[in-house]
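Okay, structure first, notes after.
The values are calculated or read from the model by the stated rules, or taken from the named source; none is laboratory data. Just so we're clear, the structure is a prediction, and the values are computed from it rather than from any experiment. When we count neighbours, we look across all protein chains shown, and the Cβ atoms used for this are built from the backbone with ideal geometry, even at glycine. Just the protein is used for accessible areas: all its heavy atoms, side chains included, with ligands, DNA and RNA removed. Shrake-Rupley method; radii C 1.70, N 1.55, O 1.52, S 1.80 Å.
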Amino acid sequence: MPRFWRGIAAIVLCAAQTAAWPQAWPAKPIRVVVPFTPGSGTDVMARTVTEKLSTQLGQPVVIENRPGAGGTIGTGLVAKAEPDGNTILVHSSTYTVTPSTYANLPYDTLRDLTGIAPLGLLPNVLVIAPSKGIHSVKELVAAAKAKPGSMNSASIGIGSGTHLNAERFRLGAGIEVVNVPFKGTPEALTEVMTGRVDYYFCPVNAALPFLKDGRVRALAVASTKRSLALPELPTTLEAGVANSDYNFWVGMFAPAKTPREVVNRLYQETVKALHLPDVREKLARLGAEPMDYAPVQFNAYLREEIAANAALVKAAGIKLE
């Protein structure tokens, strides 16, 4: 066979193999890295959805919790993983914060990973102990302004989503409040319930049991729109604090060079799982709400949020030691 035709044949064969490969995926178990502890809102949402992916894709889907350093440890593992669709990441909106709070990330957030799909919006709710005698956002802001620097708010670490939520509220309200970081939401809620910490922008799924038994009082939700789980509560925007909305979400990612066909298949199967009645019921019990973005839209949203969070970190003067 002449060299020219051998070259053409090789190109055709390569193209055929490339076209056929995504259809063969997945050929082995899929690892899902969650960069937070078991039982966190991100972890529960990941397990709820990926359980269905296992059935749909015909392969085991194994959750691997790799917490630490604001989610950067687990994210770094996926960023450096083989881009074959067999290692994916389920992260929270903290993903768009760490580029501004960690000076030497071992990966480039936009270059090394790509968004597949959001799993849902998980609103934060502003909670306070009933013993504080504060019944509204207006009263909270007035109390903070009356004694600047005397109030404090909880977070689950400097630079976390809960911290940025509190800082956005603080800047919007024009108040001076001290951030008190904790290892996790259980510790933060405990300190709020005892009254040692004044308030906390808590993930709604963690707050719901304590709201029901009256151990904390909800003043508002931080999301742009009202929460389906707490429809009677106003948003902080509706309560009069401009530029105070903060949307906490959970999403799925893959190494950036993962074949587009595989990314699209993961997106399609994830959307299919999210629309199953039992999945929708479980997510609703968590207070999670739909967030419908295709990969292109999701990645555009990520770029916008990274820029917005960079501006917020700078305005709030947030620095990690």
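Observations, loosely collected:
- Taken together, the criteria exclude residue 253 from residues that are modelled with pLDDT of 95 or more and either in contact with a Cys (Cβ under 9 Å, 6 or more places away or on another chain) or in a helix (DSSP H, G or I) (or both).
- Within the stretch 182-206, considering residues that are modelled with pLDDT under 95 and either of a type in the set (Gly, Ala, Ser) or in a loop (DSSP other than H, G, I, E, B) (or both), the one most open to solvent (accessible area, probe 1.4 Å): 183
- Residues of the stretch 106-119 that are surrounded by 17 or more Cβ atoms within 10 Å (Cβ to Cβ), over 18 Å from residue 53 (Cβ atoms) and either at pLDDT below 95 or among the β-branched types (Val, Ile, Thr) (or both): 109 alone.
- Residue in the stretch 80-99 that is within 30 Å of residue 238 (Cα to Cα), in a helix (DSSP H, G or I) and over 18 Å from the mean Cα position of the chain (by Cα) present: no
- Residues in the stretch 275-321 that are open to solvent by less than 40 Å² (accessible area, probe 1.4 Å) and touching a strand residue (DSSP E or B) at 6+ places or on another chain (Cβ under 7 Å): 283, 288, 289, 291, 295, 298, 299, 302.
- Some residue of the stretch 160-177 being acidic (Asp, Glu) and either within 15 Å of residue 128 (Cβ to Cβ) or open to solvent by less than 10 Å² (accessible area, probe 1.4 Å) (or both): no
- For the stretch 220-276, a tally of residues being closer than 29 Å to residue 89 by Cβ, without any contact (Cβ under 8 Å) to a residue 60 or more places away in the chain and of a type in the set (Ser, Thr, Tyr) returns 1.
- Among the residues of the stretch 120-153, those identified as closer than 23 Å to residue 305 by Cα and open to solvent by less than 10 Å² (accessible area, probe 1.4 Å) are 120, 122, 123, 124, 125, 126.
- In the stretch 170-207, the residues that are more than 16 Å from residue 219 (Cβ to Cβ) and touching a Pro at 6+ places or on another chain (Cβ under 7 Å): 176, 185
- The one condition in (1) of a type outside the set (Phe, Trp, Tyr); (2) modelled with pLDDT of 95 or more; (3) farther than 19 Å from residue 317 by Cβ that residue 153 fails to fulfil: (3)
- Residue ID - surrounded by the fewest Cβ atoms within 10 Å (Cβ to Cβ), chosen from residues in the stretch 208-247 that are of a type outside the set (D, E, K, R) and within 17 Å of the chain's Cα centre (by Cα): 224
- Residue within the stretch 78-89 that is surrounded by 19 or more Cβ atoms within 10 Å (Cβ to Cβ) and modelled with pLDDT under 95 present: no
- The residues of the stretch 57-103 that are touching a residue at least 40 places away in the same chain (Cβ under 8 Å), of a type outside the set (Gly, Ala, Ser) and farther than 25 Å from residue 260 by Cβ, listed by number, are 94, 97, 98, 101, 102.
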